[in-house]
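The values are calculated or read from the model by the stated rules, or taken from the named source; none is laboratory data. Everything quoted here is computed from the prediction, not taken from an experiment. Cβ atoms come from the backbone with ideal geometry, glycine included; neighbour counts cover every protein chain shown. The protein model used for the area step is the full one, side chains on, heavy atoms only, and it has no ligands, DNA or RNA in it. Shrake-Rupley method; radii C 1.70, N 1.55, O 1.52, S 1.80 Å.
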Amino acid sequence: MLQLINHPYLNISVNQFILWDDSHCIVVEGGLAGPLDPYASMMENREISLLSTHGHWDHVGMNADLRQAGALLYAHPGDRPYYEDYPWHWQVLFGQFEKDVDVPQARRDTVRQRIGRPSQIDREISEGDVLRLGSFSFRVLHTPGHSMGSVCYLEEKEGLLFTGDSLMGNGFFTGTPQYCDASAYIASMKRLMEVEANMIYSAHGDPMEGSRLREKAREGIECALRIGENTEMYLKKAGENACLRDAVKYVADQEKKSPGAGLCVSVLAHLREIHTPQADQILRFYQSGI
């Protein structure tokens, strides 16, 4: 059995997926903090496992409460600080960009109210691990880029691929793809193009037929290449006056998307690979994500 639970916030949403059989309940994604009531009947008298795709704030809200209810948290250690260090978490994703883009009060309030409590990883996972949980068998695909600990889970018996935020195409909602390492992200999209799946379950948006996997991965590659090219173009135009705020606005205008903290993260990822005096000048003031 599979059930999707949608968590709305700020006119957008994040998905959580619950799978269960007679003995096990598997929760994919920690979602946003909220009551445990929707999970109660599926968790009752079952062994509970929480499979985390990555550690960003809108994917960890239920982690501590689910662990308290008996769940074991499976996650890649590459994202450990996101799970454990919330001041760092806020600063690297939002705080350091407050002078560059608008971080609305509603965003601050939502993160504070829905991120939940910090938690520890119970079971570290890595590329190629196979998690046999009841009648389910999940293969771990390490897909760094969005974060360096991002993973997808392929339920091999039914061909269900849970992609978290790894598969972003041209971006979720009104934004562009967010990645902290551009080369790793592109490599992960190339890798996903080779995966066979019957259904795709992203943390944002509706489920998709597995036949769309290559298309969406290719979209992600092409969009990342455009963002990189436009970041370089901005640097050439701006010269000594280059700054992150204007770089993000320039790239957002080219993509016809909204500038935001997520695009700041992506532009910084490209600046780290450009290696020019203008790029180094901008990078000097910003903390790297993982």
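Paramagnetic label reach from GLU98 (point 7 Å along Cα→Cβ; backbone nitrogen cut-off under 13 Å): within segment 108-146, residues 108-109.
Using the basic label-point model (7 angstrom from Cα toward the beta carbon), what is the GLU124 to ASP206 distance in nanometres? Label-label distance for GLU124 and ASP206, simple model: 4.1 nm. With the simple model of a label 7 Å out from the Cα in the direction of the Cβ, ILE5 to LEU36 spans 1.1 nm. For the chain, the dipole from Cβ point charges (+1 on Lys and Arg, -1 on Asp and Glu) about the Cα centre works out to 640 debye, to the nearest 20. Residue order by solvent-accessible surface for PHE285, PHE17, PHE136 is PHE285, PHE136, PHE17, largest first, with ligands and nucleic acids left out and a 1.4 Å probe. With every protein chain in place and a 1.4 angstrom probe, the accessible-area ranking of LEU19, LEU160, largest first, reads LEU160, LEU19. For segment 1-130, the pair-distance distribution built from all alpha carbon pairs, in bins 10 Å wide starting at 0, is 12, 43, 32, 11, 2, 0 percent.
For the pair GLN105 and ARG139, a Förster radius of 41 Å applied to the C-beta separation gives a FRET efficiency near 0.45, rounded to the nearest 0.05. Take the residue pairs LYS236/LYS257; LYS99/LYS190; LYS99/LYS237; LYS237/LYS257 and return only those whose Cα atoms are more than 24 Å apart. Listed pairs above 24 Å: LYS99/LYS190. Taking the Cβ of SER137 as the center, what net charge do the other residues with Cβ under 13 Å away carry, scoring Lys and Arg +1 and Asp and Glu -1? My count for the surroundings of SER137 gives -2.
When DSSP beta bridges are restricted to pairs lying wholly in segment 145-290, around 55% turn out antiparallel. Given the protein chains as shown and a 1.4 Å probe, how many square angstrom of GLU127 are accessible, to the nearest 10? Surface accessible to solvent at GLU127 totals approximately 90 Å². With contacts taken as Cα pairs under 8 Å and at least 6 residues apart, the chain reaches a relative contact order of 16 percent. A Förster radius of 25 Å combined with the Cβ-Cβ distance from LYS237 to GLU273 puts the calculated FRET efficiency at roughly 0.85.
How much of the DSSP bridge set in the chain is antiparallel, in percent, rounded to the nearest 5? The answer is about 65 percent antiparallel. Taking the protein heavy atoms of segment 1-59 in the context of the full set of protein chains, the accessible area attributed to carbon and sulfur is 50 percent at 1.4 Å. Each residue of segment 141-150 is assigned a 3J(HN,Hα), and the resulting list reads 10, 6, 10, x, x, 4, 9, 7, x, 5 Hz, derived from the Karplus form 6.51 cos²θ - 1.76 cosθ + 1.60 (θ = phi - 60°), x at Gly and Pro. Segment 208-285 and segment 50-127 have Cα centres spaced 24 Å apart.
The residues of the chain expose, per residue, 43 Å² of accessible area to a 1.4 Å probe. Label-to-label distance, ARG218 versus ARG191, with points set 7 angstrom from Cα along the beta-carbon direction: 2.2 nm.
The peptide list 40-51, 23-34, put in order of mean Cβ contacts within 10 Å with the highest first, becomes 23-34, 40-51. ASP65 sits among other residues whose Cβ lies under 15 Å from its own Cβ, and their net charge, with Lys and Arg +1 and Asp and Glu -1, is 0. A helix-only calculation puts the chain at -10500 deg cm²/dmol for mean residue ellipticity at 222 nm, using -39500 (n - 2.57) for each DSSP H run of at least four residues, averaged over all residues.
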